[in-house]
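Everything on this sheet refers to the single structure shown next.
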Amino acid sequence: MKKIKFLFLFVIFINSNLLSQEDFNRNKKYFNISKFSLHHVRNISESIFIPSIGNFTNHYEKLNSFSYSIYSINGWFLFPWLSTGIGVGYEYQNTMKFNLMPIYLDLRTYLANDRNSFYFYVNGGIIYGLNKNIQKGILLDTGIGYKFFIKKNLCMVIGFGFNARTLLNISGFPEPDPIHDFSLGSNSINIGILF
């Protein structure tokens, strides 16, 4: 866990000290977004498979549960209105006490080639479990955000999104040790710095 936090802080430090700020006024070249997200979990579906018995599904609604994540996205503007990047992060799902490491493709389309602009984003990728009993998962996020400057060379992003997570092949439950798959739906708000 400490290694992941150190790696995240190292990426932020390198990007903030090595990247030139001269192209900040327009959407071009390389960028990094380091952001924090807070997720409100709306629902969880649990699929249980017990050998020789069969499948069972449980649905949990209105959990009023929260989880959080930190991400670093490194990318490139393909055009002034379109960017793509790779995101890596840490996510804690407090409902089930899962520590996760998402790796995903980030795609953004900007409404203006300007210092301040709205954008839409879509993320899709895989999740690795940092707990022993989680093998893998998939994620899909979509939302809207706004890029704005609070100082000459300090750009921030804020966004609102809808998130879907599927965690597969979760074991470690009591005998007869059934295999569980979880699907989570959440809303999120995120805030970050664009380098």
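State the answer as a single residue: which of 99, 127, 111 lies farthest towards the positive end of the charge dipole of the stretch 59-141, with beta carbon charges of +1 for Lys and Arg and -1 for Asp and Glu, about the Cα centre.
The residue sitting farthest along the positive end of the dipole is 99.
Rounded to a whole number of µm²/s, how large is the Stokes-Einstein D of the stretch 38-194 at 4 °C and 1.567 mPa s, given Rh as the Kirkwood radius over C-alpha pairs? Each step should come with its number before you reach the end.
Working: Rh = 16.9 Å.
Rounded to a whole number, D works out at 77 µm²/s.
Throughout, read-outs are computed from the coordinates displayed, never taken from laboratory work. As the structure is a computational prediction, the values presented were derived from the model and not from experiment. Neighbour counts run over all protein chains shown; Cβ positions are idealised from the backbone, glycine included.
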